[in-house]
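Worksheet for the structure shown next.
What follows draws every value from the coordinates through simple rules; no lab data is involved. None of these values were measured; they are calculated from a predicted model. When we count neighbours, we look across all protein chains shown, and the Cβ atoms used for this are built from the backbone with ideal geometry, even at glycine.
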Amino acid sequence: MRVIARSLMVMLLGVVVLSLGCKDVAQAPAGLTYSMTTAVYTVGTAIASNTPTSTGGSISSYAVSPALPTGLSIDASSGVISGTPTVATAVASYTVTGTNSAGSTTATLSITVNSPALPITITTQPADLSVLVGLTATFSVTATGTGTLSYQWQKNGTAISGATSASYTTPAVAMSDSGSTFGVTVSDAFGGSATSKTATLTVTASTPGLFTATGNPVAGRANHTATLLNDGRVLIAGGSDLSAAVQTAELYTPSAGTFATTGTMVSQRQRHTATLLQDGTVLLVGGVITASATTTLATAEIFDPNAGTFTATAGNLASARCDHTATLLPNGKVLIVSGRNGANYVATAELYDPTTGKFTVTASAPIAARATHTATLLNTGKVLIAGGYRAINLATAELYDPTADAFTATGNLITARALHTATLLPNGKVLMVAGATTANAELYDPTSGAFIATTGSLVTARAYGHTATLLPTGLVLIAGGLGTGTLPQILGTAELFDPASGSFSATNGTMTVTREHHTATLLNTGSVLICAGDEGALIVSAELYY
């Protein structure tokens with residue numbers, strides 16, 4: 001009996017020991033999740049605690065990889081993520097590992113930390129506008145905020161369908177539109193918004209074809225450039241004070257009818273070119289410092305309308321040049337052709353690449369070196385180079401093909417001409433005006449590659465120094481310049497070319513002053529800004545043609 005009892009006790013003790021041993025073996029965690037698996041936080045704002053839930057064995061410690069955004073932390077014991085982020089962080093994945101002595105499990109979190117949403121501030125309010133009946137009006141606003149801003153324009157308090165940009169151009173206005181108000185609501189992605197002041201549109205009935213004075217330029221200048229910016233303002237840059245090139249620039253604001261000084265150019269320059277690039281900046285190339293071409297420039301600079309500053313391009317021209325042409329190509333590059341360098345005529349062309357800020361010589365050179373010629377981007381994508389001067393006025397013309405990076409000859413001008421104007425018409429032909437001692441004009445037909453005479457002659461013969469501007473109506477405004485004859489006079493007359501009839505007719509009125517070497521810029525309102533120039537002395541005035 002004693003033997004049996006002892007055996008039973010040994011067996012019972014073994015069961016107890018076995019049972020106690022099972023309790024010492026931990027179970028591995030089976031799964032891990034968080035209350036927020038995708039979280040978007042804002043710098044400076046405390047986050048709601050992100051709490052874990054696990055299955056299986058209890059987790060004794062937590063770790064995360066990579067490190068959480070600055071300001072956030074994970075509790076190693078509880079796994080709770082908390083804190084206040086202090087640095088904006090792009091969306092990223094983070095792996096939290098929960099561990100005990102028997103094993104581990106993981107959870108993946110997506111966390112983004114945005115910059116704090118700043119209040120939307122409207123820095124430039126829409127301005128009241130007055131336009132002639134039948135023209136368009138452009139209202140614009142400038143605003144700052146966080147991230148990408150969105151816009152919605154209203155007319156008389158009602159949203160305008162499709163008007164979702166920083167500027168809004170009306171259709172051709174009617175007299176019934178006079179007194180209408182226009183405003184815009186600016187919004188951000190964080191739910192913030194701001195509404196602008198309203199601007200009032202005044203529509204006036206007036207006899208078209210008249211010149212009216214507008215605000216005066218800050219400084220008189222001739223042989224300058226005028227460039228219409230994307231925001232509707234006009235950059236007036238460089239030029240001559242009739243003794244040397246100037247280094248100043250100014251901006252014309254159509255809504256106010258005023259000029260104001262902007263940043264100083266990197267270099268003095270006149271007889272240069274100015275080209276609006278696809279990003280809205282302006283490229284100024286070459287030119288001269290003195291009245292002669294002995295100080296020709298190989299430099300170029302960029303004007304930034306947002307900052308109001310000029311900066312040198314990364315590279316210089318391969319050849320110094322003035323009296324050249326600059327043409328914006330469909331691919332965003334700018335074609336620079338020929339010109340003068342001192343007493344020499346430049347026989348090369350080069351391309352400016354905005355992505356590098358540098359110039360490279362074209363694969364082939366122009367067929368003829370020339371200066372004071374014209375360059376016109378055709379609807380075909382090719383560039384027509386026509387006329388110009390090299391000891392004599394030239395009648396030759398050639399085409400540049402951006403695809404082949406090569407020049408080829410085309411038909412000759414009927415009349416050799418230099419310092420003329422070339423205007424691409426809506427029908428694809430190119431109108432050549434003046435630049436000779438006669439009152440004739442001619443058209444280039446890209447289809448045939450030939451020049452043909454216009455049906456009519458100019459009302460007034462113009463040698464050079466005039467401007468030609470394509471109007472919204474399809475007519476071409478020819479204004480000012482130097483007349484022809486033994487004692488040529490600086491002109492104050494203007495005329496219109498009608499492509500439908502091929503004839504010229506005088507405008508209803510003349511310019512407020514006689515001008516040559518001025519600029520003419522078609523504004524977004526449909527009117528033309530005639531600026532500065534000279535009439536034997538510098539002209540410190542500007543006018544609008546309606």
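From the backbone phi of the stretch 262-275, what are the Karplus-calculated ³J(HN,Hα) couplings (6.51 cos²θ - 1.76 cosθ + 1.60, θ = phi - 60°) in whole Hz, Gly and Pro given as x?
Once rounded to whole Hz, the list reads 10, x, 7, 5, 5, 9, 4, 6, 9, 6, 9, 10, 9, 10.
On a 0 to 90 degree scale, rounded to 10, what angle separates helix 2-23 from the longest Cα axis of the chain?
Roughly 10 degrees between the two axes.
In terms of modelled amide H atoms, which long-range or inter-chain residues lie less than 5 Å from the amide H of S61?
Close amide H contacts, sequence-distant or interchain: T99.
What are the aspartates and glutamates whose alpha-carbon lies under 18 Å from the alpha-carbon of K155, with same-chain residues fewer than 8 places away excluded?
Cross-link targets: D128, D177.
Can you list residues whose amide H is under 5 Å from T262's amide H, if they're 5+ apart or on another chain and H is modeled 1.01 Å from N?
HN-HN under 5 Å from T262: A249, E250, L251.
Taking R0 as 60 Å, what FRET efficiency do you get between T253 and S104 from their Cβ-Cβ distance, rounded to the nearest 0.05?
That gives a FRET efficiency of 0.35.
Between T261 and I367, how many nm apart are label points set 7 Å from Cα along the C-beta direction?
Distance between label points: 4.9 nm.
Rounded to the nearest 500 deg cm²/dmol, what is the calculated helix-only ellipticity per residue at 222 nm for the chain, with -39500 (n - 2.57) per DSSP H run of length n ≥ 4?
The helix-only estimate for the chain comes to -1500 deg cm²/dmol at 222 nm.
Which of rounded, prolate, oblate describes the stretch 248-361, given a ≥ b ≥ c as roots of the alpha-carbon gyration tensor eigenvalues and a/c under 1.5 marking rounded, otherwise prolate only if a/b is larger than b/c?
Oblate is the answer for the stretch 248-361, as a/c is 1.5 or above yet b/c matches or exceeds a/b.
Using the Karplus curve 6.51 cos²θ - 1.76 cosθ + 1.60 with θ = phi - 60°, work out ³J(HN,Hα) for each residue of the stretch 439-454 in order, rounded to whole Hz, and write x for Gly and Pro.
With the stated coefficients, the stretch 439-454 comes to 9, 8, 9, 8, 10, 9, 9, x, 5, 9, x, 10, 9, 10, 6, 6 Hz.
Excluding residues on the same chain fewer than 8 positions from K333, give the lysines whose Cα lies under 22 Å from its Cα.
Within the straight-line limit of under 22 Å, K333 reaches these lysines: K358, K382.
Using only Cα atoms, locate the centre of the stretch 376-452 and the centre of the stretch 490-523, then give the distance between them in Å, rounded to an integer.
That distance is 21 Å.
Amide H neighbours of T467 under 5 Å, at least 5 residues apart or on other chains, H built in the peptide plane: list them.
Under 5 Å from the amide H of T467 lie the amide H atoms of A479, each far enough along the sequence or on another chain.
How much net charge surrounds A532 when only the other residues with a Cβ under 14 Å from the Cβ of A532 are counted, with Lys and Arg +1 and Asp and Glu -1?
So the surrounding residues net to -4.
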